[in-house]
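The values are calculated or read from the model by the stated rules, or taken from the named source; none is laboratory data. No experiment lies behind these values; they were computed from the predicted model shown. Ideal geometry is used to build each Cβ from the backbone, glycine not excepted, and the neighbour counts take in all protein chains shown. Protein only, heavy atoms only, side chains kept; ligands, DNA and RNA dropped before computing areas. Shrake-Rupley method; radii C 1.70, N 1.55, O 1.52, S 1.80 Å.
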Amino acid sequence: MYIIPAIDILDKKVVRLREGDYGQVTNYDVTLEEMIAQYQSNGTSFIHVIDLNGAKGDFSNQEYLFNVIRKTEMKVQYGGGVRSIDKVKELLDAGIHRVIVGTQAITNPTFLADLSKAFAGSDGYSDQIVIAIDVLDEVIKYSGWMESSPIKLMDYVDKCLALGFYRFLCTDINKDGKLGGAGIDLYTKLLDHSPFIKLIASGGVSSLADIEALSEIKVESCVVGKAIYEGRISIEEIQNWNLKSLISI
């Protein structure tokens with residue numbers, strides 16, 4: 001298992017939300033460019049960037065984000081406001097390593113099937129597309145976690161798998177931004193249901209002990225954000241963990 005540092009952007013500022021609530025924002029006195037430089041200088045090669053404006057349909061951040069991302073040699077897992085197949089293609093063509101799709105896949109019943117067809121025959125496309133599952137008490141949330149889906153969690157996983165998508169970013173909203181520990185129970189249920197999915201855990205990671213617990217249940221990777229900004233986990237510790245994990249990303 002490896003660790004992916006997270007950088008969430010709201011109004012061009014580095015922030016973290018608590019439980020996905022835009023009314024509970026913590027701002028950090030650092031820019032996206034500075035965070036990327038810190039990670040890169042410490043040997044980190046993979047980051048997770050989320051456009052929180054885009055997640056709720058406001059695309060005012062995108063030009064700024066794309067300009068910054070284009071300048072880095074780091075691998076970027078990007079999400080927030082990816083609403084079309086053309087946008088997925090644009091991002092991958094621009095060099096984004098992985099693209100996260102969430103709201104559109106939930107609200108448009110044909111989106112995932114159309115996306116699968118659009119990339120049929122393309123080498124590695126399933127590896128580059130990440131399906132976001134944002135979960136609150138086993139209910140899937142979307143549109144910046146402001147809306148609830150009637151689709152049952154495991155049924156949705158099965159649908160994605162049937163269409164060739166096997167990498168999932170699962171955020172346990174109950175845990176997110178609280179530094180109270182990762183959602184081990186939720187991730188265990190997902191992996192018990194579908195042992196072969198590549199699961200990226202997100203939400204609540206506050207220490208290396210949490211990371212060790214996630215590693216024990218065989219998640220592919222985990223996203224860490226607030227714990228870094230609050231000094232609970234250092235960039236050096238992340239680098240050392242990833243080196244020891246011997247995982248190619």
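Structure data summary
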{"read-out": "Contour excess over end-to-end distance, with Cα ends at Lys71 and Ser41 and 0.36 nm allotted per residue", "value": "9.3 nm"}
{"read-out": "Expected 222 nm ellipticity per residue - DSSP helices of 4 or more, -39500 (n - 2.57), all of the chain, to 500", "value": "-10000 deg cm²/dmol"}
{"read-out": "Equivalent-ellipsoid semi-axes of segment 83-157, from the Cα gyration tensor, Å, largest first", "value": "23, 13, 11"}
{"read-out": "Surface share of carbon and sulfur [accessible, 1.4 angstrom probe, percent] for the chain", "value": "47"}
{"read-out": "For the chain: rounded, prolate or oblate by the Cα gyration tensor [a/c cutoff 1.5]", "value": "rounded"}
{"read-out": "For segment 139-241: relative contact order, % (alpha-carbon pairs under 8 angstrom, 6 or more apart)", "value": "21"}
{"read-out": "Eligible lysines near Lys152 by straight Cα distance, threshold 19 Å, same-chain separation 8 or greater", "value": "Lys141, Lys189"}
{"read-out": "Alpha-carbon centroid distance for the pair segment 145-204 / segment 46-117, whole angstrom", "value": "19"}
{"read-out": "Value of relative contact order over segment 82-194, rounded to a whole percent, pairs C-alpha under 8 Å and six or more apart", "value": "23"}
{"read-out": "At most 15 other Cβ within 10 Å, DSSP loop - GluC sites (Glu not before Pro), segment 146-249", "value": "Glu230"}
{"read-out": "Residues with amide H under 5 Å from that of Ile4, placed H, sequence gap 5 or more", "value": "Cys222, Val223, Val224"}
{"read-out": "Within the chain: Cβ-based charge dipole about Cα centre, in debye rounded to nearest 20 (Lys, Arg +1; Asp, Glu -1)", "value": "260"}
{"read-out": "Cα-based shape type of segment 83-215, given that a ≥ b ≥ c are square roots of the gyration tensor eigenvalues and the cut on a/c is 1.5", "value": "prolate"}
{"read-out": "Karplus-derived HN-Hα couplings along segment 82-98 (A = 6.51, B = -1.76, C = 1.60, θ = phi - 60°), whole Hz, x at Gly and Pro", "value": "7, 10, 8, 5, 4, 5, 4, 4, 4, 5, 5, 5, 7, x, 4, 6, 9"}
{"read-out": "Where the chain is the region considered: accessible area per residue in Å², 1.4 Å probe", "value": "43"}
